[in-house]
1. Counting other C-beta atoms within 10 Å, which of Ser45, Ser63 has the fewest, and how do the rest follow?
2. Along the principal axes of its C-alpha atoms, what lengths does region 27-81 span, in descending order and rounded to whole Å?
3. Given the Cα-Cα distance of Arg4 and Glu68 and 0.36 nm per residue of separation, how much length would full extension add, in nm?
4. Under a crude label model (7 Å from the Cα following the beta-carbon direction), how far is Leu34 from Ala61 in nanometres?
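Laboratory data are not the source of any read-out in this text; all were calculated from the coordinates shown. As the structure is a prediction and not an experimental result, all values here were calculated from the model. We place every Cβ from the backbone using ideal geometry, glycine too, and count neighbours over all the protein chains shown.
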Amino acid sequence: MKRRTRLEITVEISQLVIRSSKYQTPVWCTECLLPVQSVTPEEASVLAGVSLSTIDRWVEAGSLHFIEGARVHPLICLAQHSA
Ligand SMILES: [Zn+2]
């Protein structure tokens with residue numbers, strides 16, 4: 001008689017996002033027509049728990065506002081999430 005052993009492994013992953021103070025200054029969103037808080041696409045993917053390509057799709061679909069400006073990194077507007 002064969003005896004089966006079942007092994008379950010649970011992996012919990014948590015991520016901590018620490019934002020640099022250089023992005024704390026509000027930036028102008030051309031969609032909201034307001035100064036807004038913003039995050040990088042990478043930060044948005046961590047906050048939303050989705051991949052970076054999903055963030056890109058949401059930007060292309062107009063679900064997220066994309067802010068291009070003088071900064072090195074393009075930014076994602078957070079205003080539409082607080083409304
Ligand atoms: Zn916006």
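1. Lowest to highest Cβ neighbour count: Ser63, Ser45.
2. Dimensions of region 27-81 along the principal axes of its Cα atoms: 26, 22, 17 Å.
3. Values: separation 64, 0.36 × 64 = 23.04 nm, distance 5.77 nm.
The Arg4-Glu68 span can extend by a further 17.3 nm.
4. 2.3
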